[in-house]
1. Being away from ligand 2 (no atom under 13 Å from the Cβ) and either touching a helix residue (DSSP H, G or I) at 6+ places or on another chain (Cβ under 9 Å) or farther than 19 Å from residue 258 by Cα (or both), is that true of even one residue in segment 131-139?
2. Please verify whether residue 75 is within 16 Å of residue 43 (Cβ to Cβ), modelled with pLDDT under 95 and either in a helix (DSSP H, G or I) or outside the structural domain of residue 9 (by TED's automatic domain parsing) (or both), treating the condition exactly as stated.
3. Can you tell me which residue in segment 316-339 is nearest to residue 240 (Cα to Cα), limited to those that are exposed (fewer than 14 other Cβ atoms within 10 Å of the Cβ) and modelled with pLDDT under 90?
4. Looking at residue 54, is it within 21 Å of the chain's Cα centre (by Cα) and not assigned by TED's automatic domain parsing to the domain that holds residue 182?
5. Do we find that residue 70 is more than 16 Å from ligand 2 (Cβ to nearest atom), surrounded by 21 or more Cβ atoms within 10 Å (Cβ to Cβ) and either outside the structural domain of residue 26 (by TED's automatic domain parsing) or free of Cβ contacts under 8 Å to residues at least 40 places away in the same chain (or both) in this structure?
6. Go through segment 134-242 and tell me which helices (runs of 4 or more DSSP H), entirely inside it, have 2 or more residues that are under 13 Å from the mean Cα position of the chain (by Cα), farther than 30 Å from residue 51 by Cα and not assigned by TED's automatic domain parsing to the domain that holds residue 110.
7. Quick check, is residue 25 crowded, with 18+ Cβ neighbours inside 10 Å and either in the same structural domain as residue 216 (by TED's automatic domain parsing) or out of contact with any strand residue (DSSP E or B) (no Cβ under 7 Å at 6 or more places or on another chain) (or both)?
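The values are calculated or read from the model by the stated rules, or taken from the named source; none is laboratory data. Predicted model only: the values in this text are computed from it and were never measured. Virtual Cβ from ideal backbone geometry, glycine too; neighbours counted across all protein chains shown.
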Ligand SMILES: NC(=O)c1ccc[n+]([C@@H]2O[C@H](COP(=O)([O-])OP(=O)(O)OC[C@H]3O[C@@H](n4cnc5c(N)ncnc54)[C@H](O)[C@@H]3O)[C@@H](O)[C@H]2O)c1
Ligand SMILES: [Zn+2]
């Protein structure tokens, strides 16, 4: 088993092991004081695939388990579905000594985390990610929340899990396109600070190296979370490709998934960086070719004006500026604050 420590305000561990699911109960118990009630919050797809197996493992460890699945997909990440999660916790009489387990991808993960942060002003919570994206990104670091009609993730809380349990075997049931969402986020870690990881994707040899990729990406995320838990400095680097990525997701009515939108957002960030003289053209070319070869999109059918309208409501906006993450080399990025007044020019340069 690989153990990656996250030295956040409240430290915890990310455990990675094939087949870990059947031992999840005892592993969760090791991070809690005692087994009480446990609410498994998931989505309907993941529930059908893994719900009863996880429940059995939890019951074996002594937890009293209840289970709730929202309809799968980003469309459920809203206040209405989140409210139903909270009602479920209340109806099952969870108390302050009980625990929430988020089982699934980033959607149930973010929502269940936010439910745990808010219910009774905070009860214990753990993450069991089942998508590559959730394993390398959303399950670690304590960002939780839901979307508003006005924009993505506009409401939420920083709330760290007690433990994160990753079973890479669950990735075998992921549809290809969903796996690719996580591949995009993993390429992001390569561009941010891990050239050999990027080169692995560049050579197209990643499929047999998933555990190694998980370990490197989670360790990179843990490091940025440790440096800047509240996301006011270096953690913002993780937003590479996300400023315009989020705008693309929203413009598409969420029919373009998060990781696919981030892939396009990363290419746009590289083009902007190149046009501003911050990196050589080879950075843009290598990123574009690598993402394309992996089967990810490198452009989206939205005009600068469409993207701008949405980017202006982005939560990465601070007062009258917005922060872009711009690659300088493969393996090195910088934060660039841009006045809102200059945003139209930036978006035009980015989309080509
Ligand atoms: N909190 C953070 O730091 C953070 C970081 C990155 C992304 N996010 C959020 O994560 C979300 C995207 O996450 P996601 O891509 O995991 O979305 P998701 O949770 O919607 O999962 C994608 C799809 O895969 C299915 N699925 C999940 N696990 C499966 C499995 N093992 N086998 C078969 N199907 C499975 C789900 O039912 C769903 O239909 C976005 O809402 C994004 O904002 C949060
Ligand atoms: Zn992301």
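1. No, segment 131-139 contains no residue that is away from ligand 2 (no atom under 13 Å from the Cβ) and either touching a helix residue (DSSP H, G or I) at 6+ places or on another chain (Cβ under 9 Å) or farther than 19 Å from residue 258 by Cα (or both).
2. yes
3. 318
4. Against the criterion (within 21 Å of the chain's Cα centre (by Cα) and not assigned by TED's automatic domain parsing to the domain that holds residue 182), residue 54 does not qualify.
5. no
6. Output list reads 176-193.
7. Taking the combined requirement at face value, the residue satisfies it.
The rows are residues; the columns are (1) touching a residue at least 60 places away in the same chain (Cβ under 8 Å); (2) within 13 Å of ligand 1 (Cβ to nearest atom).
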position	(1), (2)
160	yes, yes
184	yes, yes
187	yes, no
196	no, no
211	yes, no
218	yes, yes
239	yes, yes
